[in-house]
Amino acid sequence: MCFALALVATLLGATEGLTLGDKLVEPIILALVLGILARRFLLLPGSIEKGAQFSATWLLEVSVFLLGASVDFAQVLSAGTSLSILITVTVLLSVSLTWLMGCLFGLHPKLAILVAVGNSICGNSAIAAVAPSIEASKEDVAAAISVTAIWGLIQVLLLPLLVPGLALTHYQYGVVAGLSVYAVPQAIAAGFAVSALSGQVATLVKLVRILFIGPFVLVLGLAYRRSISAKQPGHVHLVPWFVAGFLLLAALRSIGVIGLDWADASKDISTFLFVVSLAGLGLNVNLSYFRVVGLPLVTTVVLSILFLLSVAIAGTFLLGLT
């Protein structure tokens with residue numbers, strides 16, 4: 001069932017790309033929505049629950065593991081010193097402030113973490129990668145992905161207005177788009193909507209942001225397990241297997257042991273398994289949870305986006321990025 005929903009979502013994404021020229025709504029989001037709708041409107045047998053849970057947990061961990069093979073740490077150096085500093089400071093400040101805002105507005109700390117890494121690093125991929133490390137609930141993952149996705153699309157439509165509004169150069173706009181838009185396809189779409197240069201810069205900046213997934217998965221996973229160890233003295237404190245595997249594959253890719261062809265293949269498999277796992281997640285989601293977190297979640301996401309935009313614009317001018 002999960003693979004079938006993933007295939008439908010992938011085909012819808014491909015159709016969207018052919019008709020609109022780009023995938024504004026990623027298959028991972030489409031799969032989540034299809035899973036939620038299937039649970040809501042179809043008479044599904046109880047026997048699918050075990051498979052849906054397997055997809056939403058184990059396949060998600062495998063996806064994170066395989067994603068490591070596509071991460072090349074050398075990309076950080078290619079961005080230049082000033083730009084690398086701006087990206088690092090923006091990500092760290094945004095994650096910290098978004099998490100704090102979410103907690104203040106009444107979100108569960110795990111949901112606040114998912115929103116923080118989703119907005120600040122790489123949207124759906126960051127949320128899906130961090131979720132198993134902190135053992136976030138399926139409702140938290142679905143809520144974080146769906147709300148950030150909606151506001152990410154709004155960003156794509158409105159962001160080009162900053163060029164005439166703030167007299168940004170195409171290079172500067174590419175930096176702002178790459179720093180503030182939540183997911184890779186949306187960042188690319190927002191960049192190329194202005195010019196080829198803006199699109200290229202936005203893509204580079206967004207790819208560098210993605211490199212923060214690994215460190216945050218490791219740090220948050222360790223922090224969560226340390227907290228569990230404190231509450232349960234007999235609990236063994238270990239790094240999750242998929243986090244260790246992610247870092248190992250990333251290191252092998254960075255030193256050239258894993259070639260580009262294998263890296264691309266691993267990323268493609270990881271991407272599709274993410275889609276399958278989100279379909280399983282959707283089949284397990286209780287929609288009533290969205291009514292509980294609705295307004296606090298939307299408020300947190302919107303304020304986080306505004307903060308990212310402010311830091312990106314101010315940093316671009318202060319560092320003289322031209």
Any hit, the range 152-160, residues being farther than 27 Å from A112 by Cα and surrounded by fewer than 24 Cβ atoms within 10 Å (Cβ to Cβ): yes
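Given S125, S133, S120, which one is more than 17 Å from I305 (Cβ to Cβ) and under 11 Å from the mean Cα position of the chain (by Cα)?
It is S125.
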Residue count for the range 43-60, restricted to those that are part of a helix (DSSP H, G or I) and farther than 14 Å from A136 by Cα: 8
Verdict on D268 being acidic (D, E), part of a helix (DSSP H, G or I), surrounded by 12 or more Cβ atoms within 10 Å (Cβ to Cβ) and modelled with pLDDT of 85 or more: yes
Conditions (1) surrounded by 18 or more Cβ atoms within 10 Å (Cβ to Cβ); (2) modelled with pLDDT of 90 or more: number failed by A143: (2)
Test: F290 is surrounded by 12 or more Cβ atoms within 10 Å (Cβ to Cβ) and either modelled with pLDDT of 85 or more or under 20 Å from V184 (Cβ atoms) (or both): no
Yes/no for I121 being touching a Phe, Trp or Tyr at 6+ places or on another chain (Cβ under 7 Å) and either touching a residue at least 40 places away in the same chain (Cβ under 8 Å) or surrounded by 22 or more Cβ atoms within 10 Å (Cβ to Cβ) (or both): yes
Filter result for the condition that a residue is modelled with pLDDT under 90 and crowded, with 22+ Cβ neighbours inside 10 Å, over A74, A69: A69
Inter-residue pairs, beta-carbon under 7 Å, first at negative phi and in the range 310-322, second hydroxyl-bearing (S, T, Y) and not in a helix (DSSP H, G or I), 6+ apart: T322/T169
Sole residue being modelled with pLDDT of 85 or more and surrounded by 20 or more Cβ atoms within 10 Å (Cβ to Cβ), chosen from S94, S63: S94
Qualifying residue in the range 127-134 (condition: surrounded by fewer than 22 Cβ atoms within 10 Å (Cβ to Cβ) and among the hydroxyl-bearing types (S, T, Y)): no
Long-range neighbours under 8 Å by Cβ, at least six apart or interchain, first residue over 19 Å from S120 (Cα atoms) and β-branched (V, I, T) within the range 143-168, second modelled with pLDDT of 85 or more and part of a helix (DSSP H, G or I): V163/H170; V163/Y173
Within the range 166-185, considering residues that are at negative phi and not in a helix (DSSP H, G or I), the one surrounded by the fewest Cβ atoms within 10 Å (Cβ to Cβ): T169
Residue list for the range 191-220, filter: buried (at least 20 other Cβ atoms within 10 Å of the Cβ), within 22 Å of L158 (Cβ to Cβ) and in contact with a Phe, Trp or Tyr (Cβ under 7 Å, 6 or more places away or on another chain): S198, G199, V201
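The values are calculated or read from the model by the stated rules, or taken from the named source; none is laboratory data. In this text, all values refer to a predicted model and were calculated from it rather than measured experimentally. Backbone-built Cβ (ideal geometry, glycine too); neighbour counts: all protein chains shown.
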